[in-house]
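One structure is given here, and the rest of the page talks about it.
Derivation of every value follows stated rules applied to the coordinates shown; laboratory data play no part. In this text, all values refer to a predicted model and were calculated from it rather than measured experimentally. FYI the Cβ positions are ideal-geometry reconstructions off the backbone, even for glycines, and counts take in every protein chain you see.
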Amino acid sequence: MEHKIAGEAFYEIRIEGHLGPEWAGWFEELTITRAPDGTTLLAGMVADQAALHGHLARIRDLAMPLLTVAYQRARGP
Amino acid sequence: MTMERLAPTAANSVTPLIAAKLIAPPARAGLVARPGLVARLGGWRDTAVTILSAPAGFGKTTLLSEWIAAAHSAGRPAQSGPAPTQGAEEAAGALASNALHFAWLSLDAEDSDPARFWSYVLAAMRRAAPELPADLGAPLWAPQPQIDAVVAALANAMAALPAAVVLVLDDYHTISNLELHRSLAALIDHRPPGLHLVLAGRADPPLPLARLRARGLLQTLRADDLRFSADETAAFLSQTMGLELSAAAREALERYTEGWPAGLQLAALWLRDHPEAAEQSVTALADEDRYLIEFLAEEVILRQSPEVQRFLLDTALLDRMCPELCDYVTADARRPSDEGPALITRPSGEIIEELERRNLFVVPLDVRHEWHRYHNLFGDALRRQLGRQRGPHAVARLHRRAAAWFAAASTEDAALLGEALRHASAGKAYDLGADLILPRADQLGAQGHIGELIVWLSALPEAVLSARPALAMRYAWVLFLHGRQGEAARWLAIGEAGLAERPDPDPLTAALPDAIKATMATTRHDDAATLFHADRAAALLPPDESVWQSTIEIARGLAHHVRGEAREAATALQRAADLAARTGNDYGNMISNWYLAQVRLGQARLDEAARALRRIADGGNSIYGGYRDTGLARIAYDRDDLPAARALAMGGLQALEATGGQPRMILYAHCLLARLARASGDPAAALTWLDAGEAIAQRLDLSEDLEIIAELRASFAVADGDLDEVDEWAEAAGLVDAEVDVRREADLLTLARAQASRGRADKALRIAGGLLAHAEAALKRQCDVDRHSGNRAALADRLEQLEAAHKKVRSAL
């Protein structure tokens, strides 16, 4: 089994609640979509695991409940 | 006789800082040099912020240490003869402006509190740039710390400095406070020219950096940048780890670890113990199903000798270790048991040296290699192994041993008690923690460690405190000294209730409620209550000396002072000072001598006042020096030696500000400097001092000091003939037609002068009459007490003069 420390990858993160547009600057490179079901989707290319955890830390510190974190694919579309 | 309002000592010092967090880890020999990466870091002048963001074990901290060491050796100017005379100043200036200083701060989860974080940042900045103003941290002293003000002040201060500072915040991923992130973002927005920020951590810092990045002002080094290249891997394996491998084995290892330095090191350690068939081993590694770190760490640990293994596990819980601490913590393993002979026989110092030599993840914390710690990942693995192999009871026992060692060592260094308590908490041994603090609490308070005591005691569960009335009441005491009256009252009540239920074996405890109440009464200027409680406390105190004796005598002295009984006040305060000196109670010594000096000032006995102040300290930059010099400044002012007064006042103020607390004394100094400015013919400067003082008092909600400042303004207004301003002030202060209360003597005299200037003789005389009556009564009391002293004649004279004056006033009305 290869132990990979993942490089660039496309991730989708879903959180409970709507994230206002003023937070866009805090989540670089992620597209923020407010869904009608009251959740927000943050999606985009993430440089590496450290960048992903940076996004997760922001969400943690905003106290918005984390619903899903999904790895979609490596490299861009 | 003017009765000044004394400045009680609500000590409001910020918690002490752990020095180790402010010291950059030393660069280590034998590691692979990474000049390319160091050069990238060296390009900091073109950017505002540098980010090192990579998981644990990528060598972020190591790289930063390498960079700092390189910068320091490069910065030494080559001096080969006298500097050229022409342009020497420009050269020196260029050197200074190119001078690069590093401010280092190692963060942990406890630093997620904005006030604490910024206290540490300021301390780190001051180590790098000592010329930063001493009162930058003033907005942090308030009960509601004002972070924006600190950030703005820091940005402005940096803009004024010629030197450049690189502020390194290591392990920023431990910070999880949104307000803190925002405040750091604000500092970055300010972008003071001389400040460059380096944020290192395991995740991208959660800050809004998009704008910086868009403008090319952000530099980032990520995991991919920090991975070992093929050359670096080769150098690491042969140079650092002393492994000679075939090219094939090396490549296999590279593929397996993907250049992750920590993984490479672990794999190399593992391989070193498998010298037989390196290539097969590496292939076998690649077939392992478990996570690299988990597998390798366990393997590496289990392959050590029984002695080293036991040592590693016993010391796994320590955040940092020195030989003596390790000897103590491993004591059980050094004794033969039922299972066999002692497991550990070599001194810990030797074992640590061996671990370091063999690159077994032991990292030195200082240049002298007195203290070491385990690298995070390895330490984590050790702790997991410890839990698995020996179980929770062993873990708790090890924490307790560490706590005991640190507690014993704390007699030399009070900050170590904090580490003791952290271990006690980690071992869930809160009772142990409480029992460690209690016997040391009084001495710690006497040495002025009030802030620490508050932090340590508030970390204990309430149930543990409530079960110990002796400790609960000391908690009340330190809370009171910090101006947290409500909480102090609550814990005093809890302590008293506990005492009522079950008397404490220590007789001293019974006296505490009254001793504390006596001091609490002094801040209300309630002389009757003060003396009542002081007498009761004195009756209950055991005869052997303690810090509480001087506390009681200080309270007595203050009560007498409020009553105008100067001689009794001086006697009590002198007794307090002597007691304090005898019991090594530096803090009590300072307070009692300070108040004694105030009493002597009231008696116009300036020499004795100065003598009292000189007993506080030899001078210098501590809180003691601050009190001493501020007091001596006042005496110089009374003697009309304005230059000396100003020098002493400025020195005292700086010393006080450097302590990060003592706001009421600082305000006293501001008022004195205002008076000095006026006396030197600079009324504008006087108002500046008052304005500055008022801002501090408002921020910290110190109402009594606001009143004092207002009265001082009014007295200046009287002197300037600006009587409308005085009228406004008198209205606001509720003095107009009020009862003559001698505790507001200063206010009343100012008002009387104003009324007289306005031609309102009746009002002026009413005040004067009231104050004279009180002075007469006090003097009469002195005469009665002094029946047999030689002073009697002089006192009787004064009394006659007073009575004559009073008669005049009464007839004029």
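Using a simple spin-label model with pseudo-atoms 7 Å out from Cα toward Cβ, B:ALA235 and B:LEU178 lie 4.6 nm apart. Toward the positive end of the charge dipole of the stretch B:468-583, with +1 on the Cβ of Lys and Arg and -1 on the Cβ of Asp and Glu, the farthest Cα among B:GLN485, B:HIS561, B:PHE532 is that of B:GLN485.
Prolate is the label for chain B, because the ratio a/c of its alpha-carbon gyration tensor axes (a ≥ b ≥ c) is 1.5 or higher and a/b is greater than b/c. Oblate is the label for the stretch B:623-734, because the ratio a/c of its alpha-carbon gyration tensor axes (a ≥ b ≥ c) is 1.5 or higher and a/b is not greater than b/c. Projected label points at B:ARG191 and B:ARG335, each 7 Å from Cα along the beta carbon direction, are separated by 6.5 nanometres. In chain B, Cα pairs under 8 Å separated by at least six residues give a relative contact order of 11 percent. Taking 0.36 nm per residue of separation and subtracting the Cα-Cα distance, full extension of the segment from B:GLU110 to B:ASP46 would add 19.8 nm.
Mean projected area of the convex hull spanned by the Cα atoms of the stretch B:451-504, taken over all viewing directions: 3.2 nm². Placing +1 on the Cβ of every Lys and Arg and -1 on the Cβ of every Asp and Glu, with no other charges, gives the protein assembly as shown a dipole of roughly 840 debye about its Cα centre.
Over chain B, dividing the summed -39,500 (n - 2.57) contributions of all DSSP H runs of at least 4 residues by the number of residues returns a 222 nm mean residue ellipticity of -20000 deg cm²/dmol. Note on the protein assembly as shown: dipole from Cβ charges, positive end direction compared against B:ILE552, B:LEU690, A:GLY17; the farthest Cα belongs to B:ILE552. Mean per-residue shielding of peptide B:191-204 is 2, counting Cβ atoms of other chains within 10 Å of each Cβ. Counted over the protein assembly as shown, the DSSP beta bridges are approximately 50% antiparallel. The alpha-carbon of B:LYS808 sits under 17 angstrom from the alpha-carbons of these lysines, leaving out residues fewer than 8 places away in its chain: B:LYS763. Axis of helix B:723-732 versus longest Cα principal axis of chain B: the two differ by about 70°, to the nearest ten degrees. Loop-located trypsin sites (Lys or Arg not before Pro) across the stretch B:640-683 with a Cβ neighbour count of 12 or fewer within 10 Å are lacking, with loop assigned by DSSP. Normalised by the number of residues in the stretch B:363-435, the average gap of Cα pairs under 8 Å and 6 or more apart makes the relative contact order 22 percent. Using all C-alpha to C-alpha distances in the stretch B:202-331, build P(r) with 10 Å bins and read off the rounded percent in each one. Spelled out per bin, shortest first, that is 11, 31, 26, 21, 10, 2. Using 0.36 nm per residue and subtracting the Cα-Cα separation, the extra length available between B:ALA415 and B:LEU687 on full extension is 93.8 nm. Spin-label model, B:ASP720 to B:PHE532: label points 7 Å out along the Cα-to-beta-carbon direction sit 4.6 nm apart. One equal scatterer on each Cα of the stretch B:266-403, no solvent, Debye formula: the resulting log10 I(q)/I(0) at q = 0.12, 0.16 Å⁻¹ is -0.50, -0.86. Dividing the radius of gyration of the alpha carbons in the stretch B:487-564 by their Kirkwood radius gives 0.99 for Rg/Rh. Global dimensions of the stretch B:379-462 from alpha-carbon coordinates: Rg and Dmax equal 13.9, 45 Å. Compute the helix-to-body angle for B:586-602: its Cα long axis versus the longest principal axis of chain B, expressed 0 to 90° and rounded to tens. Tilt of helix B:586-602: around 20 degrees.
Compute the distance from the alpha-carbon center of the stretch B:177-251 to that of the stretch B:375-432, in whole Å. The stretch B:177-251 and the stretch B:375-432 have Cα centres spaced 32 Å from each other.
Of all beta bridges that DSSP places with both ends in chain B, some 20 percent have antiparallel geometry. What value does the protein assembly as shown have for Rg/Rh, both radii from Cα atoms and Rh as Kirkwood defines it? Rg/Rh: 1.04.
Per the Kirkwood formula applied to alpha carbons, the stretch B:128-240 shows a radius of gyration over Rh ratio, Rg over Rh, of 1.07. In this structure, A:THR33 and B:LEU217 have a Cβ-Cβ separation that, at R0 = 25 Å, corresponds to a calculated FRET efficiency of about 0.30. Shape class of the stretch B:534-642 from the Cα gyration tensor (axes a ≥ b ≥ c, square roots of the eigenvalues): oblate, since a/c reaches 1.5 or more and a/b does not exceed b/c. Against chain B, whose longest principal axis is taken from its Cα atoms, helix B:292-302 shows a tilt of about 90°. Sparse packing (at most 15 other Cβ atoms within 10 Å of the Cβ) combined with a DSSP loop state is found for none of the chymotrypsin sites (Phe, Trp or Tyr not before Pro) in the stretch A:17-77.
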